Amino acid sequence: MADQPKSNNVIVKRKGKKGEVIKSVIPWKCFPLFFTSPEEDQILQNLPLFDTNKHNPLKATTDVRQQSIIPPPPPPQVEKLLKRASAARQNTGYSNLWSIYTIVTAIYIALLGIKPTEQPESSTVNHNNNINKNDDEDDDQELSCEAWTWIQDHISWTDWKLLHRQVKEQLILVSAPHPLLTYATQTVPFLTRDQVTQAVHLLKLQSKFHSGSISSKSSSSSGTMAMRLSQILKDAHGTRNFFAILLAPIYNTPTNGSSSTTIHNANNWTGIRHSCLPEATLELESPTKANLVALYDHDLDVSGDLNNSITISTVPLDHGPMEREARRRCCRLPDIDDSLFWDSHTPRPCLLCRHDTKQSTCPLVMSSRQSTNTGKDPTCSITWKESVRLGHYYFQEERYSDAKACYQAALATNTSDNDDMQNDIRHALGALQLAQGKFLDAQLSWKNAAAKVDTSIDAHGGIQLQLQKQQAYRYFSPSPQQQQQSSLAKKKTQAYNYHSHFDDQCFVTPMLKATTCQELIDIATRNGQWTTGRHYAVPTNDIPVHKIQGLLDWFVPWMEEQCAPLMMKQFRLLPKKGKEQRQRFYVHDAFFVRYQGKSSSSADDSSHPITNNHLPCHLDECTHSAVICLNDDFEGGGTYFHDYDTVLSPSVGEVVTFKGDSLRHGGDAVVKGTRYILAVFLYLDRTYDPGNEVTPAAAAAKSNGSGEPSGPKHQVQAVFREAKKQKTGFSFGFDMG
């Protein structure tokens with residue numbers, strides 16, 4: 001059991017798992033930084049099955065008058081400012097976004113009748129302010145003057161200037177999903193046809209349902225309409241709303257003869273510090289409760305000791321107008337237990353700002369960079385563990401060259417072959433290559449890592465899983481084409497007739513007999529152990545094919561001899577006559593999957609929730625995908641392709657092959673019964689040739705010069721990354737925690 005916080009500044013560590021709540025805290029004030037009209041609120045309330053507590057738990061913050069002190073209504077100019085901010089978020093070059101948020105927050109506080117008191121010169125706030133006086137950012141001065149004229153009956157100009165300054169020092173921005181995004185994810189997929197129609201009319205989305213065609217064997221298309229409505233709402237409301245949180249009272253609160261408004265003395269916010277590379281994130285659960293959620297598996301301090309703070313990002317790193325403020329904040333809070341680069345009474349930039357000096361706008365980093373004669377900032381010296389943290393950050397930002405450099409630096413400085421962290425780094429290097437579409441390189445990296453330290457790799461689940469799949473799916477065996485070319489009696493691949501869809505991006509092919517499909521169902525349901533962690537948003541019930549020997553024995557020859565050659569033909573990947581086949585499909589993952597309708601016989605089985613009747617729209621982390629239909633004794637179901645507003649409902653034994661990384665698709669809702677499929681995820685890459693591997697120099701020549709990948713697969717990376725943020729992307733579970 002985790003240790004509990006102790007008093008007297010004793011350092012208390014608890015093992016925090018990624019995604020777990022470290023602790024909950026109570027904001028002093030919480031204000032919305034977006035605008036909804038009464039008409040919009042009424043529409044939400046009229047939506048079928050809309051529940052304010054479930055879909056909009058932060059509703060109380062949308063009306064400032066519901067705070068502890070009831071102020072007059074905000075002036076109409078605030079609505080205009082918030083609408084400007086909403087538009088500004090679509091344009092990352094808009095520099096006044098931070099100014100709008102701080103001014104709106106200050107207006108709310110002024111309307112509550114709260115007046116600030118000047119801080120003593122010795123206080124932390126003034127000390128940090130002096131650092132920022134060297135900065136030339138005065139873009140918000142004109143807007144601040146204008147805003148004061150709207151509320152001058154409530155606050156003097158002198159108090160307004162001080163209030164606005166203190167808000168800028170202490171404001172924390174926290175994001176929360178739009179109510180319609182939550183509604184689209186949690187409720188829309190389960191609406192009936194009539195309920196979907198009602199929602200479409202209320203939201204005035206009728207025109208969105210007049211395009212495309214629907215091909216479904218079911219007489220009811222409620223599932224198809226629900227899938228489309230859900231994705232339309234996600235596309236329209238994927239941008240999260242911002243809320244303003246103030247940690248401590250703006251006015252002075254004397255404690256033992258002193259006063260302070262810093263984070264560290266703010267009630268249960270004690271021990272929270274800003275960082276551009278945080279250990280935790282802040283999530284707003286309600287207007288009076290916020291949670292610190294771990295971003296990594298980590299030993300985090302929950303004692304509240306100033307010298308051992310938990311770091312969060314108090315301002316979003318948006319690669320735009322607010323990131324400059326986030327970087328500046330690294331200089332505002334002292335880190336007195338670490339004087340490696342700065343003396344014990346001087347603020348120290350966070351790890352990211354110290355390392356990424358070319359990007360940093362931190363005054364201390366800039367000053368140090370200008371004063372050094374070598375051109376290299378002394379703050380770049382970091383530990384190997386810090387290199388790993390930076391590598392994970394750059395990986396998430398798709399800065400693959402930087403991530404690789406950090407991982408390699410960590411390996412070079414930590415020489416312990418038996419250290420678990422070493423294996424984590426090797427696993428991350430392979431995942432880094434896979435993210436760039438270099439499937440074979442990734443597998444070779446994991447294979448070489450296992451060969452180097454085979455005694456400790458057994459303890460690393462991620463690498464061990466890859467080794468199991470390498471053996472099961474024969475990555476390093478000759479490709480089917482190579483086998484046929486070396487065979488005296490070449491086995492002829494069976495010819496199949498297939499139908500093309502979506503400009504030759506998708507094909508439906510009858511390939512299996514009904515008896516074969518039933519045998520596969522019997523093998524899987526008799527011998528398999530169901531898992532539920534395959535997808536971010538909806539837990540699919542599935543079994544990895546490589547875990548069931550009977551399935552694997554049938555699947556591998558069928559894939560190599562029938563399906564893979566057919567897909568080479570379908571996607572026009574066969575070489576010209578007389579040329580050698582230099583590409584092949586590798587099975588990255590294959591799963592036996594079931595979707596259960598609400599009226600299925602196992603609806604009351606708590607281990608298999610009836611909510612598992614569909615899969616939201618997503619892109620696959622692979623180049624090509626295949627779905628094998630194994631039964632038809634169910635209602636609904638099929639593979640839904642959002643961009644074409646079409647459901648393909650294959651017959652038993654038919655195989656749907658498509659470009660999984662570019663066609664947004666999902667599993668249409670099963671209304672009744674149980675649907676069984678085999679889902680296959682493939683990478684197209686060069687054939688394995690142990691005697692003629694690509695050299696690092698040749699591999700670099702294939703990149704775009706910066707070490708980042710190029711090519712059609714990575715034209716959709718930005719889309720997929722946003723899908724991950726919205727928890728709608730399909731992932732194979734490479735955990736960088």
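Give me the net charge of F555's neighbourhood, meaning all other residues with Cβ under 13 Å from the Cβ of F555; Lys, Arg count +1, Asp, Glu -1. Don't jump to the answer; show the numbers that get you there.
Working: positive: K469, R474, K547; negative: E519, D553, E560, E561, D589.
Net of charged neighbours comes to -2.
Between K289 and N527, what FRET efficiency follows from the Cβ-Cβ distance if R0 is 45 Å, with the result rounded to 0.05?
Values: r = 46 Å, r/R0 = 1.02.
For K289 and N527, the calculated efficiency is 0.45.
Site pair Q468 and T383 shows an inter-label distance of 3.4 nm when each label is modelled 7 Å from Cα along Cα→Cβ.
Give K18/K289; K469/K513; K404/K452 a once-over and call out the pairs whose C-alpha atoms are over 22 Å from each other. Going by Cα-Cα distance, K469/K513 fall outside the 22 Å limit. Under the simplified labelling scheme, the E142-A514 pair shows an inter-label distance of 7.5 nm, with each label point 7 Å from Cα along Cα→Cβ.
Extending 7 Å from Cα along the Cβ direction at N448 and again at L317 yields two label points whose distance is 2.9 nm. For D41 and K579, the difference between the fully extended length at 0.36 nm per residue and the C-alpha to C-alpha distance is 187.3 nm.
K168: net charge of surrounding residues, Cβ under 9 Å, Lys/Arg +1, Asp/Glu -1, itself excluded? My count for the surroundings of K168 gives -2. When the pairs K547/K576; K54/K438; K438/K579; K54/K204 are compared against a 31 Å limit on Cα-Cα distance, K547/K576; K54/K438 fall above it.
Each residue of segment 48-53 was assigned a 3J(HN,Hα) from its phi angle through the Karplus curve 6.51 cos²θ - 1.76 cosθ + 1.60 (θ = phi - 60°); the sequence is x, 6, 6, 10, 4, 5 Hz, with glycine and proline shown as x.
Every read-out reported here was derived from the displayed coordinates using simple, explicitly stated rules and does not represent laboratory data. Just so it is clear, the structure is predicted and the values come from calculations on it, not from any experiment. With ideal geometry, Cβ positions are generated from the backbone for all residues, glycine too; neighbour counts draw on all protein chains shown.
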